[in-house]
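**Student:** My structure is below; once you've seen it, I'll send some questions.
The values are calculated or read from the model by the stated rules, or taken from the named source; none is laboratory data. It should be emphasised that the depicted structure is a prediction, and the values quoted were computed from it without experimental measurement. Note that we place each Cβ from the backbone using ideal geometry, even for glycine, and neighbour counts take in every protein chain shown. Quick note on the areas: whole protein, heavy atoms, side chains included, nothing else; ligands and nucleic acids left out. Shrake-Rupley method; radii C 1.70, N 1.55, O 1.52, S 1.80 Å.
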Amino acid sequence: MLRLLLMLASIANCAGGLVLIATWATMWQRVPIIVLFIGGALLIQGAYTILYLRGDLARWGDLATGALFAGEALSAVVGAGGMIQAEIHNMNTADMEMAPVMAGLLMLAQAVLALLYLLVTDRLRARV
């Protein structure tokens, strides 16, 4: 069940990343470039996790698991920070931007699910 939720969250991250990239590409005059980078981060996070879950990275062994752990731990921190910053911005201005809140939530949710998956499936233990 956790694996399915993680796969769905990864697909949502890929979709959200593509939407942000497309938004920047079509309106680059009015949309800040950070939207492109956030979209790329969501796309990479989701795609790597999907590849990991499908077993496409199994030949890399513990290196792939370590990279997933490090990337998701960093994504959890960045997603939480982005969400907090977006909420503070929304409280201080009349401009209620929900896209940064959603991007932070997507990033944080998938990171927490991936870290739980690694913990529950006991993949963080080094193989002998």
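**Student:** Can residue 71 be described as part of a helix (DSSP H, G or I), more than 18 Å from residue 121 (Cα to Cα) and of a type outside the set (D, E, K, R)?
**Tutor:** Spelling it out, it is not the case that residue 71 is part of a helix (DSSP H, G or I), more than 18 Å from residue 121 (Cα to Cα) and of a type outside the set (D, E, K, R).
**Student:** Ok, one more. Only one of these is open to solvent by 70 Å² or more (accessible area, probe 1.4 Å), in a helix (DSSP H, G or I) and either touching a Phe, Trp or Tyr at 6+ places or on another chain (Cβ under 7 Å) or at pLDDT 95 or above (or both): 8, 63, 43. Name it.
**Tutor:** Going through 8, 63, 43 in turn, just one is open to solvent by 70 Å² or more (accessible area, probe 1.4 Å), in a helix (DSSP H, G or I) and either touching a Phe, Trp or Tyr at 6+ places or on another chain (Cβ under 7 Å) or at pLDDT 95 or above (or both): 8.
**Student:** Collect the residues in region 46-59 that are exposed (fewer than 13 other Cβ atoms within 10 Å of the Cβ) and either among the aromatic types (Phe, Trp, Tyr) or part of a helix (DSSP H, G or I) (or both), keeping them in residue-number order.
**Tutor:** 54, 58, 59
**Student:** Right, residue 91: at pLDDT below 95, surrounded by fewer than 17 Cβ atoms within 10 Å (Cβ to Cβ) and of a type in the set (A, V, I, L, M, F, W, C) or not?
**Tutor:** Yes.
Each row is one residue, and each column tells you yes or no for (1) within 15 Å of residue 110 (Cα to Cα); (2) touching a Gly at 6+ places or on another chain (Cβ under 7 Å).
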site	(1), (2)
39	yes, yes
42	yes, yes
51	yes, no
55	no, no
58	no, no
61	no, no
74	yes, no
79	yes, yes
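**Student:** In region 20-32, what residues are surrounded by 15 or more Cβ atoms within 10 Å (Cβ to Cβ) and in a helix (DSSP H, G or I)?
**Tutor:** 20, 21, 23, 24
**Student:** Sticking with this structure for a sec: What are the residues in region 94-128 that are surrounded by 15 or more Cβ atoms within 10 Å (Cβ to Cβ) and either β-branched (Val, Ile, Thr) or closer than 16 Å to residue 52 by Cβ (or both), if any?
**Tutor:** Once the filter is applied, which keeps residues that are surrounded by 15 or more Cβ atoms within 10 Å (Cβ to Cβ) and either β-branched (Val, Ile, Thr) or closer than 16 Å to residue 52 by Cβ (or both), region 94-128 yields 101, 110, 111, 112, 113, 114, 115, 117, 118, 123.
**Student:** Out of all the residues in region 101-109, is one or more of a type in the set (Gly, Ala, Ser) and closer than 16 Å to residue 3 by Cα?
**Tutor:** yes
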